[in-house]
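**Student:** Sharing a structure, written as structure tokens. Questions coming.
The values are calculated or read from the model by the stated rules, or taken from the named source; none is laboratory data. Keep in mind the model is a prediction, meaning the values are calculated, not measured. Cβ sites come from the backbone with ideal geometry, for glycine too, and all protein chains shown count toward neighbours. Remember, those area values only see protein heavy atoms, side chains included, never the ligands or the DNA or RNA. Shrake-Rupley method; radii C 1.70, N 1.55, O 1.52, S 1.80 Å.
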Amino acid sequence: MDKIPILRMGQFLLVTIQVDLYDRLALDLEADLVKMVSKTGARGILIDISAVSIVDSFMGRIIGNIGVMSKLLDAETVVVGMQPAVAITLVELGLPLKGVYTALNVEKGMDLLKNKIQLDEEEEIGPDDDNSNDLTE
Amino acid sequence: MAIEITKLFKKKQAVILERWMTNQLADERLREDLMSNEDLRAESEELITALVASLNESNIENPESGDFDHVIEILAGISISRARQGYSPRETGVFILSLKEALIEIAQEEVKDPKELNIANRKLNRLLDSFSIITFETFIKGREEVILRQTDEIAEISTPVIRVWDGILALPIIGTLDSARTQVVMESLLTEIVESGSSVAILDISGVPTVDSLVAQHLLKTVSATRLMGAECIISGIRPEIAQTIVHLGIDLSDIVTKASLASALQYAFRTLKIEVRKSAVKSAV
Amino acid sequence: MITATISLNKDTLNVLREQDVVVFRNRVKEYAVKIKMGLVNQTKLITAASELVRNMLRYANGGQIIIEVVSRGRDNGIRLTFKDEGPGIPDIKLALTDGYSTGKSLGLGLPGTKRLVNEFDIKSEVGKGTRITIIKWANG
């Protein structure tokens with residue numbers, strides 16, 4: 001049985017989708033990821049879809065679900081590496097991909113996640129942190 | 001049994017070619033500037049040889065017959081190459097119509113019985129008319145291909161994506177933005193975003209004459225697609241009258257960052273990327 | 001709406017299980033590549049096909065799909081026909097409205113799909129089945 005591997009790296013979970021997802025595989029990934037977030041207390045999920053050539057409304061919904069579900073568990077989701085043709089198709093299809101952040105590549109996605117989490121922590125600690133000027137709008 | 005006109009043509013092939021050449025050369029609009037007489041002769045000979053070889057008493061009445069595939073292929077090739085070389089439709093038409101004339105002349109000279117001649121003429125007319133139609137169809141197709149290629153070229157050169165800074169792209173749009181153009185714009189912008197790893201793209205619409213709701217929709221789509229890729233898209237070059245139309249039409253662009261000029265869009269991009277641009281200290285330069 | 005077209009090449013597939021979807025998508029892709037369809041249009045076509053085949057599996061437990069290369073003048077395209085013997089769609093106009101869905105999907109199946117292709121034709125009879133035909137032109 002196929003399975004999409006989830007890698008743990010510090011407070012983050014990394015997923016690279018290398019195959020064309022059929023429905024069961026996508027649903028399994030959704031379930032596995034949410035379980036993993038809850039088990040590891042991860043603060044961020046990075047999903048690399050640079051090898052995915054087709055995202056239809058079902059796939060879009062799964063990605064959105066992952067975002068919303070992990071948000072409930074206090075983790076942010078960022079989707080990276082979307083192909084231009086996929087982005088154009090999603091816009092035409094009318095699929096906004098809500099609930100997740102997007103970034104160009106893995107590196108930028110990691111930066112984004114770190115930023116988001118740091119922001120959260122600062123809010124908890126208070127704004128008198130030294131690094132706060134990096135994070136102003 | 002009546003005279004078999006096709007056998008007659010086989011026998012008279014050389015005569016037909018001479019007659020046809022005479023007919024063609026007699027035309028005062030002959031384009032000697034585009035093709036030499038030798039080339040024309042070679043072309044004509046190729047066609048007549050193929051035609052005579054494939055023609056027989058049964059298929060002469062059936063222009064659709066597969067026997068003529070080779071003839072049609074040659075004809076289409078000639079027609080397309082003429083379209084590209086800039087021949088007029090009339091000049092191309094004369095080529096095939098003068099062949100018809102030559103064939104009918106031969107028939108007239110050889111077939112004595114008026115009734116048979118009449119039948120032969122009708123068959124020839126129908127066959128050659130069908131060939132003429134094919135000639136025109138392929139001629140127009142050849143022209144269309146030229147137009148299509150030019151359209152593609154225009155579309156390509158009219159959407160240059162410029163790397164203005166490390167991580168910042170600009171795309172000035174000049175002219176009307178229809179859905180075909182939007183697709184080209186989106187595609188080249190997004191591809192360049194991936195290639196350059198840029199996180200900010202500026203879409204400058206100073207050169208877009210009007211923004212109606214359709215154009216606005218296309219702009220919104222481009223912005224959404226850019227965001228899906230994980231980059232920010234700024235729209236700049238909004239002239240006052242365009243701002244007025246946008247509001248009067250009730251178009252909501254509030255989700256998008258818009259700037260009046262490319263310069264202020266660039267400044268915004270610098271701030272997003274935390275880039276500082278300063279004048280260098282003047283003192284050191286003497 | 002579907003203009004005069006000539007069918008050049010044809011293939012019929014039965015889609016009954018979820019796993020058939022990947023096979024079907026790949027077949028559509030092969031056809032699209034063969035007629036030199038650009039990457040964006042390919043992606044749009046395959047995504048549209050994916051939406052429709054998913055509907056077919058969900059509502060009608062599968063059906064038959066015909067893939068054809070068609071031509072209109074100088075332009076080539078792919079025509080896909082989805083035939084099922086499912087429950088049918090009672091109100092096609094409503095089904096083509098953005099935001100409407102009977103299933104659990106996002107409700108942008110049919111209208112979204114329509115936007116992705118050049119021609120979209122739907123015929124449905126309640127209790128008998130549905131037949132959807134789409135065309136995407138290589139340069140469309």
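**Student:** Only one of (1) in contact (Cβ under 8 Å) with a residue 12 or more places away in the chain; (2) part of a helix (DSSP H, G or I) fails for B:Thr159. Which number is that?
**Tutor:** (2)
**Student:** So in region B:168-185, with the set limited to residues that are assigned to a helix (DSSP H, G or I) and free of Cβ contacts under 8 Å to residues at least 40 places away in the same chain, which one is nearest to the other protein chains (Cβ to nearest Cβ)?
**Tutor:** Checked region B:168-185; the qualifying residue nearest to the other protein chains (Cβ to nearest Cβ) is B:Gln183.
**Student:** So which residues in region B:224-248 are more than 14 Å from chain A (Cβ to nearest Cβ), in contact with a strand residue (DSSP E or B) (Cβ under 8 Å, 6 or more places away or on another chain) and either open to solvent by less than 10 Å² (accessible area, probe 1.4 Å) or not hydrophobic (A, V, I, L, M, F, W, C) (or both)?
**Tutor:** If the condition is that a residue be more than 14 Å from chain A (Cβ to nearest Cβ), in contact with a strand residue (DSSP E or B) (Cβ under 8 Å, 6 or more places away or on another chain) and either open to solvent by less than 10 Å² (accessible area, probe 1.4 Å) or not hydrophobic (A, V, I, L, M, F, W, C) (or both), then B:Ile234, B:Ile235, B:Ser236, B:Gly237, B:Arg239, B:Ile242 are the ones that fit.
**Student:** I would also like to ask the following. C:Arg74 - would you say it is surrounded by fewer than 16 Cβ atoms within 10 Å (Cβ to Cβ) and either touching a strand residue (DSSP E or B) at 6+ places or on another chain (Cβ under 9 Å) or within 14 Å of another protein chain (Cβ to nearest Cβ) (or both)?
**Tutor:** On the way: surrounded by fewer than 16 Cβ atoms within 10 Å (Cβ to Cβ): yes; either touching a strand residue (DSSP E or B) at 6+ places or on another chain (Cβ under 9 Å) or within 14 Å of another protein chain (Cβ to nearest Cβ) (or both): yes.
Criteria met by C:Arg74.
**Student:** A follow-up question, please. All but one of (1) closer than 19 Å to B:Asn125 by Cα; (2) part of a helix (DSSP H, G or I) hold for B:Arg41; state the number of the condition that does not hold.
**Tutor:** Here B:Arg41 meets the rest and fails (1).
**Student:** While we're looking at this one, here's another question. Could you grab me the full set of residues in region A:65-93 that are part of a helix (DSSP H, G or I) and open to solvent by 10 Å² or more (accessible area, probe 1.4 Å)?
**Tutor:** A:Asn65, A:Val68, A:Met69, A:Lys71, A:Leu72, A:Pro84, A:Val91, A:Glu92 - these are the residues of region A:65-93 that are part of a helix (DSSP H, G or I) and open to solvent by 10 Å² or more (accessible area, probe 1.4 Å).
**Student:** Ok, one more. Give the residue, chosen from C:Leu94, C:Leu8, C:Leu45, that is of a type in the set (A, V, I, L, M, F, W, C) and modelled with pLDDT of 85 or more.
**Tutor:** C:Leu45
**Student:** Pull out all pairs, ordered by first then second residue, where Cβ-Cβ is under 9 Å, the residues are six or more apart or on different chains, the first lies in region A:109-124 and is modelled with pLDDT of 80 or more, and the second is part of a helix (DSSP H, G or I).
**Tutor:** Taking only residues 6 or more apart or on different chains, the pairs are A:Asn115/A:Asp134; A:Asn115/A:Leu135; A:Gln118/A:Asn131; A:Gln118/A:Asp134; A:Gln118/A:Leu135.
**Student:** A follow-up question, please. Could you please let me know if C:Gly62 is touching a strand residue (DSSP E or B) at 6+ places or on another chain (Cβ under 6 Å), over 19 Å from A:Ile54 (Cβ atoms), within 14 Å of chain A (Cβ to nearest Cβ) and in contact (Cβ under 8 Å) with a residue 40 or more places away in the chain?
**Tutor:** In short, yes.
**Student:** Identify, please: which residue in region B:124-142 is open to solvent by 30 Å² or more (accessible area, probe 1.4 Å) and within 11 Å of chain C (Cβ to nearest Cβ) and is, among those, nearest to the chain's Cα centre (by Cα)?
**Tutor:** Checked region B:124-142; the qualifying residue nearest to the chain's Cα centre (by Cα) is B:Lys141.
**Student:** Ok, one more. How many of the residues in region A:22-39 are open to solvent by less than 20 Å² (accessible area, probe 1.4 Å), within 12 Å of chain C (Cβ to nearest Cβ) and touching a helix residue (DSSP H, G or I) at 6+ places or on another chain (Cβ under 6 Å)?
**Tutor:** Here the count works out to 1.
**Student:** Here is a follow-up. Scan region B:61-76 and tell me whether some residue there is on the phi < 0 side of the Ramachandran plot, touching a Phe, Trp or Tyr at 6+ places or on another chain (Cβ under 7 Å), of a type outside the set (S, T, N, Q) and modelled with pLDDT of 85 or more.
**Tutor:** yes
**Student:** Name, by its number, the condition in (1) in contact with a strand residue (DSSP E or B) (Cβ under 6 Å, 6 or more places away or on another chain); (2) within 13 Å of another protein chain (Cβ to nearest Cβ); (3) assigned to a helix (DSSP H, G or I) that does not hold for A:Asn115.
**Tutor:** (1)
**Student:** Are any residues in region B:227-286 among the β-branched types (Val, Ile, Thr), farther than 26 Å from B:Ser198 by Cα and part of a helix (DSSP H, G or I), and if so, which ones?
**Tutor:** Those that are among the β-branched types (Val, Ile, Thr), farther than 26 Å from B:Ser198 by Cα and part of a helix (DSSP H, G or I): B:Ile242, B:Thr245, B:Ile246, B:Val247.
**Student:** Yes or no: B:Val194 among the β-branched types (Val, Ile, Thr) and either under 32 Å from the mean Cα position of the chain (by Cα) or not in a strand (DSSP E or B) (or both)?
**Tutor:** Yes: the conditions hold for B:Val194.
**Student:** Anything in region A:1-58 that is assigned to a helix (DSSP H, G or I), modelled with pLDDT of 90 or more and of a type in the set (Lys, Arg)? List them, or say none.
**Tutor:** A:Lys35, A:Lys39
**Student:** Scan region B:142-150 and tell me whether some residue there is assigned by TED's automatic domain parsing to the domain that holds B:Arg41, in a helix (DSSP H, G or I) and over 30 Å from C:Asn139 (Cα atoms).
**Tutor:** No, every residue in region B:142-150 fails to be assigned by TED's automatic domain parsing to the domain that holds B:Arg41, in a helix (DSSP H, G or I) and over 30 Å from C:Asn139 (Cα atoms).
**Student:** Would you pick out the residues in region C:18-59 that are in contact (Cβ under 8 Å) with a residue 12 or more places away in the chain and within 7 Å of chain A (Cβ to nearest Cβ)?
**Tutor:** Scanning region C:18-59 gives C:Glu18, C:Val21, C:Arg25, C:Lys44, C:Ile46, C:Thr47, C:Ser50, C:Glu51, C:Arg54.
**Student:** Continuing with the same structure: So, in region A:40-63, of the ones that are in contact with a strand residue (DSSP E or B) (Cβ under 9 Å, 6 or more places away or on another chain) and within 14 Å of chain B (Cβ to nearest Cβ), which residue ends up nearest to A:Met110 (Cα to Cα)?
**Tutor:** Checking each candidate, the answer is A:Leu46.
**Student:** Is there any pair linking a residue in region B:202-223 that is more than 12 Å from chain A (Cβ to nearest Cβ) to one that is loosely packed, with under 13 Cβ neighbours inside 10 Å and of a type outside the set (Val, Ile, Thr), with Cβ under 6 Å and at least six apart or on different chains, and which?
**Tutor:** B:Ser213/B:Leu249
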